[in-house]
Amino acid sequence: MTTATKITVKATVNAPISEVWEAWNDPNDIMQWNAADPSWYCPASENNLSVGGKFKHRMEAKDGSFGFDFEGQYEKVEPLQEISYAMSDGRKVNTWFAAENGTTTITSTFDAETENELEMQKQGWQAILENFVRYISAKSSNN
């Protein structure tokens, strides 16, 4: 059996873990931040955050040239701590949430795919994470 190459991305959000957890998992929030690049967006999101539950996020280029469903099934859900899931192609993802002094660090490790360079995959997932950080910062400043 071949072991997949794992890639890790990480970011710290200047917000309490309860706020981060909610925005990470609420479909209305997911549609606001889930894109790696400004030319893309997430027009639809479904999320059943429970062991055995499924999620599906529609990803589309704003110019209409391409789109796909990013989907998977949850294998582990520990509220405010960890989410693990299998993507539709079988690759695994683990995401951990750690609170410290009013900030939250999010760390995701995922199995790389074989079609794109590792660095490109890492940059894409990191860009989505950074978009999440920007979204939470803007959301927090409006409250």
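Observations
- Whole-Hz ³J(HN,Hα) from phi, Karplus 6.51 cos²θ - 1.76 cosθ + 1.60, for the stretch 117-128, glycine and proline x: 4, 4, 4, 5, 4, 4, 4, x, 5, 5, 4, 5
- The stretch 1-50 and the stretch 63-77: distance between their alpha carbon centers, rounded to Å: 11
- Value at 222 nm in deg cm²/dmol, rounded to 500, when DSSP H runs of n ≥ 4 in the chain each add -39,500 (n - 2.57): -9000 deg cm²/dmol
- Only one residue of 48, 16, 33 has its Cα farthest out toward the positive end of the dipole of the chain, where Lys and Arg carry +1 and Asp and Glu -1 on Cβ, and that residue is 16.
- In Hz, Karplus ³J(HN,Hα) per residue of the stretch 30-36 (6.51, -1.76, 1.60; θ = phi - 60°; x = Gly, Pro): 3, 5, 7, 10, 7, 7, 8
- Amide H contacts for residue 103 (H built 1.01 Å from N in the peptide plane; partners 5 or more residues away or on another chain; cut-off under 5 Å): none found.
- Average projection area in nm² (convex hull over Cα atoms of the chain, one quarter of hull surface): 8.9
- Normalised by the number of residues in the stretch 19-143, the average gap of Cα pairs under 8 Å and 6 or more apart makes the relative contact order 19 percent.
- Summarising the amide proton neighbourhood of residue 53: residues at separation of 5 or more, or on other chains, whose placed amide H is nearer than 5 Å comprise 74.
No lab work stands behind these numbers, since they all come straight from the coordinates. This one's a predicted model, so the numbers in the text were calculated from it and none came from an experiment. Methodologically, a virtual Cβ is constructed for each residue, glycine included, from the backbone with ideal geometry; neighbour enumeration extends over all protein chains shown.
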